[in-house]
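Data first, discussion second: the structure below is written as structure tokens.
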Amino acid sequence: MSTESLAEFELLVMLAAFRLGQTEAYTVSIATDIEKRTGRSVRRANVYTTLQRLERKGLVSTRLGEGRPER
């Protein structure tokens, strides 16, 4: 696990993912959760990129799931 600090957006993404849980934490729902809680506009591409960065740091694990209507 990395010892470097997390950027604010990385922390927001991690908190949203933990709040939503394994079955509901996907890019769209994470972006929606952050927007709802902070009032900030969030680009899905930024969430996706941040998840990849957090995975490289060993802080989250991701997987591609089957398509869902929300996606």
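The values are calculated or read from the model by the stated rules, or taken from the named source; none is laboratory data. For clarity, every value in this text was computed on a predicted model and none was experimentally measured. Please note: Cβ atoms are built from the backbone with ideal geometry, for glycine as well, and neighbour counts cover all protein chains shown. Quick note on the areas: whole protein, heavy atoms, side chains included, nothing else; ligands and nucleic acids left out. Shrake-Rupley method; radii C 1.70, N 1.55, O 1.52, S 1.80 Å.
Roughly how many percent of the accessible protein surface of the stretch 1-50 is carbon and sulfur, given a 1.4 Å probe and a whole-percent answer? It would help to have the intermediate numbers written out before the result.
Details: 1700 of 3340 Å².
Summing carbon and sulfur atoms, their accessible area is 51 percent of the total for the stretch 1-50.
Scoring 30-43, 8-21 by mean Cβ neighbours within 10 Å over their residues and listing the highest first yields 8-21, 30-43. Which of rounded, prolate or oblate describes the chain when judged by the alpha-carbon gyration tensor and an a/c cut-off of 1.5? Verdict is oblate for the chain. Phi-derived couplings, Karplus 6.51 cos²θ - 1.76 cosθ + 1.60 at θ = phi - 60°, listed residue by residue for the stretch 22-36: 4, 7, 10, 8, 10, 3, 5, 5, 5, 4, 4, 4, 5, 4, 5 Hz, with x used for Gly and Pro.
Using a 1.4 angstrom probe, figure out how much accessible area the stretch 11-71 has per residue, in square angstrom, rounded to the nearest whole. Kindly include the intermediate steps, with their values, before the conclusion.
Details: 4260 Å² over 61 residues.
Computed with neighbouring chains in place, this is 70 Å² per residue.
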